[in-house]
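These notes are about the structure you will find just below.
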Amino acid sequence: MKFTNLMAPTLREVPAEAEVISHKLLVRAGFIRKSSAGIYTYLPLAHRVLKKIEGIIREEMDAAGGQEILMPIMQPAELWLESGRWDVYGGELMRFKDRHDRDFCLGPTHEELITDLVRGELSSWRQLPIMLYQIQDKFRDERRPRFGLMRGREFIMKDLYSFDRDAAGMDESYKAMHRAYCNVFSRCGLEYRIVEADPGAIGGNHSHEFMVLAEAGEAEIIYCSGCSYAADGEIATSKKPEAYEGPEVPPYELIETPGANTIASLAQFLHVGEDQLVKTLFYQADGQVVCILLRGDRELNEIKLKNAIGCYELAMADIPDVVAITGCQPGYLSPIGLAGKVKVYVDEEVMALGATVAGANRPGYHYGNVLPKRDFPLDVVGDFRQVAAGDVCPFCGKPLMSARGIEAGQIFKLGTKYSKALNLVYTDEKGEKQPVEMGCYGIGVSRTMAAAVEQCNDKDGIVWPVSIAPYHVVIVPTTAEGPVWDAALALYQDLMKEGVEAVLDDRDERAGVKFKDADLIGYPIRITVGKKFTESRQVEFKKRWEQEAETLALDEVKAKIKEVLS
RNA sequence: CGGGAUGUAGCGCAGUUUGGUAGCGCGCCUCGUUCGGGACGAGGAGGCCGCAGGUUCGAAUCCUGUCAUCCCGACCA
């Protein structure tokens, strides 16, 4: 491709709306342009990168037993009503009506549609297992699209669905996909980590996320410094402490704590650590107020609490509701005396405290010598704490670490959630109907491209991994005429004949401009034809990820390119 | 959805407080000089000042509404 024929509109200045590196660079380097919030056009360079990522995904899915199909983006409401998700999915589902006033949506995911497809064709156990996948645009009306391609409203996704006769079969499919995903991200040249994850609205009971490591990632990864434990911060857990079994504690007593209306100020006033105190919080779960007790130094993990309660909406309770229950403004709230009023969820770390201090439902006062269970109710004891770096690994006891990641893929064991809701059954050897065990497996293709940029860049621009680079080689003639130009053109034509993916920067620009754009766009290899060619028929060969260039004779270039690309 | 900010040329911005008929840098076009890390000079094109109402002799500027975009939070396969 000649640069003058390539629509790659590079910008010298950063668009004001871009915040994260991948968004800035993809816009500046002429890969994408915004259409509306969270919706982008992929220009030729981006399109090539996406096709490469998709190519890698196809090879790995096919090798794992997948068959590619293409389902409609437009989906009828009936299927979503049947699964129950038409009402549950909420505002994220892009809904519309056709001319006959029938309800439809743009597919945010395809469990309903594929289950409907397979139930129409599946009859015998002999047909299983089946793995079907597609690569297509997905639509989610995000409340807040942001960070360019990282969280869009329209994005490209690969979604594969597995159908097995039993749980053991589903486990095999899950393992096969787990391996295939490792291959995909490794082949894309990305540094990633696999973590245990919350299945969320897709459902099921077992899920892993594939996190591309990057500072701009929206997800927190907790992983162990000593063993292989790694989990999304949303569900990560730390070692459960032993419940307190020390000497007997005298009855609780009122103590004066003027002005100590936060955990920090109370700890300071009493000269004890925040981890010696009890924090009392009130939340509202689908309209019902609940109480949560945590160790003073801890934050609540709302996802854990949400899963424990089994509610859809969870938010801090309104202050008037709290006052109605406790008779006290926040600051000195007490767990004592809540029996029968609200359900109390207690983090297991609280149980490890001996005599502790809690609020007294009276401004300026706390109770000392408070003992969990003896002095306040424990309706549910569990893990509700947000785990942080430095906590103790639940499996090996070594300290946990924290990193940030971009969720590029997630795999789920769905079990029979959708097959039961949509009546997807097969007939087994005994002639009995059985529900199908399903799994689903997604990769954000456009997000993976953004993640690659997020991970592979320097101050000058993108540094594409070879496997997903839009082109492998750029040839930069320092002038657009004379022997230098002729040599560059001949080299380009030669490389084209050999099937090398090359761009010839044939613009009538100064060399500096071409170098800047080459770095910005991020071709893995740059070949400069210039003064060394005039002097001694040599060219400069530079790898994007190395600082220094090497000088080669013109006829050595082809071999060198092949060596570097392989 | 709550909070904050911004909409002026393709991109980055000034002008708005104090109303007087639109400006800078980059990019673009022409000519010349340059030519290995975003050159220089001269000339030129390009703007319903987001949109709709209102106030005024007169609105980019003041008022009302509305739309859009971005940030923080909440939320999220």
*Considering every pair of different Cα atoms, what Kirkwood radius, in Å, is found for segment A:332-376?*
11.0
*What is the extension gain from A:CYS396 to A:GLU59, computed as 0.36 nm multiplied by their sequence separation minus the C-alpha to C-alpha distance, in nm to one decimal?*
117.6 nm
*Would you mind checking which residues have amide H under 5 Å from A:ARG385's amide H? H placed 1.01 Å from N; only 5 or more apart, or other chain.*
A:ASN301
*Under a Cβ-Cβ limit of 4.7 Å, which cysteines in chain A have nobody to pair with?*
A:CYS105, A:CYS182, A:CYS188, A:CYS291, A:CYS311, A:CYS328, A:CYS440, A:CYS456
*How far apart, in nm, are two points set 7 Å out from the Cα along the Cα-to-Cβ line at A:ALA490 and at A:GLU299?*
6.4
*Relative to the longest principal Cα axis of chain A, at what angle does helix A:511-521 sit, 0 to 90 degrees, rounded to 10?*
40
*Environment charge of A:GLY217, counting only residues whose C-beta is closer than 9 Å and scoring Lys/Arg +1, Asp/Glu -1*: -4
*How large is the accessible surface per residue of segment A:98-156, computed with a 1.4 Å probe and reported in Å² as a whole number?*
48
*Could you give the size of the charge dipole of chain A about its Cα centre, using +1 on the Cβ of each K and R and -1 on the Cβ of each D and E, expressed in debye and rounded to the nearest 20?*
980
*Kindly express, to the nearest 10 degrees and within the range 0 to 90, the angle between helix A:44-63's C-alpha long axis and the longest C-alpha principal axis of chain A.*
70
*Over chain A, calculate the relative contact order: mean separation of alpha carbon pairs under 8 Å at least 6 apart, over the residue count, as a percent.*
17
_FRET E, pair A:ASP171, A:VAL380, Förster distance 35 Å, beta-carbon r, rounded to 0.05_ = 0.70
*Sorted by packing (mean other beta-carbon atoms within 10 Å per residue), highest first, where do A:243-251, A:480-488, A:17-25, A:158-166 land?*
A:158-166, A:17-25, A:480-488, A:243-251
_Size descriptor, Kirkwood hydrodynamic radius, that averages inverse alpha-carbon separations across segment A:437-529, Å_ = 14.8
_Tell me whether segment A:64-152 comes out rounded, prolate or oblate; compute the Cα gyration tensor, take square roots of the eigenvalues as a ≥ b ≥ c, and use a/c under 1.5 as the rounded threshold._
oblate
*For a label point 7 Å from the Cα of A:GLU13 along Cα→C-beta, name the residues of segment A:27-44 whose backbone N is under 15 Å from it.*
A:28
*Fully extended contour minus Cα-Cα distance, from A:GLU481 to A:PHE269, at 0.36 nm per residue*: 68.3 nm
_Rounded to two decimals, what is the ratio between the C-alpha radius of gyration of segment A:78-211 and 2.2 N^0.38 Å?_
1.19
*State the answer as a single residue: which of A:MET131, A:GLY442, A:GLN455 lies farthest towards the positive end of the charge dipole of chain A, with beta carbon charges of +1 for Lys and Arg and -1 for Asp and Glu, about the Cα centre.*
A:GLN455
_q = 0.12, 0.22 Å⁻¹, segment A:1-143: log10 I(q)/I(0) [Debye, one scatterer per Cα]_ = -0.74, -1.30
*Based on the Cβ-Cβ distance of A:GLU248 and A:ASP286, what FRET efficiency does E = 1/(1 + (r/R0)^6) give at R0 = 56 Å, to the nearest 0.05?*
0.90
*Once both labels are modelled 7 Å past Cα along the beta-carbon direction, what's the A:ASP555-A:LYS497 spacing in nm?*
1.4
*Among A:369-380, A:406-417, how do they line up from the highest to the lowest mean number of other beta-carbon atoms within 10 Å?*
A:406-417, A:369-380
*Extension gain A:ASN5-A:ARG33, at 0.36 nm per residue separation less the Cα-Cα distance, in nm?*
8.2 nm
*Once you list every other residue whose beta carbon is under 15 Å from the beta carbon of A:GLY522, what net charge do they have if Lys and Arg are +1 and Asp and Glu are -1?*
+3
*So what's the gap between the Cα centers of segment A:286-341 and segment A:502-528, to the nearest angstrom?*
60
*Write down the radius of gyration of chain A and its Dmax, each obtained from C-alpha positions, in Å.*
29.5, 97
*Along each principal axis, Cα extent of segment A:375-468, largest first, Å*: 65, 57, 24
*Please compute the net charge surrounding A:GLY444, taking Lys and Arg as +1 and Asp and Glu as -1 over other residues with Cβ under 9 Å from its Cβ.*
+2
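The values are calculated or read from the model by the stated rules, or taken from the named source; none is laboratory data. Model, not experiment: these values are computed from the prediction. All Cβ positions, even for glycine, are placed from backbone atoms using ideal geometry, and neighbour counts span all protein chains on display. Heads up: the accessible areas ignore ligands, DNA and RNA and are worked out on the full protein's heavy atoms, side chains in. Shrake-Rupley method; radii C 1.70, N 1.55, O 1.52, S 1.80 Å.
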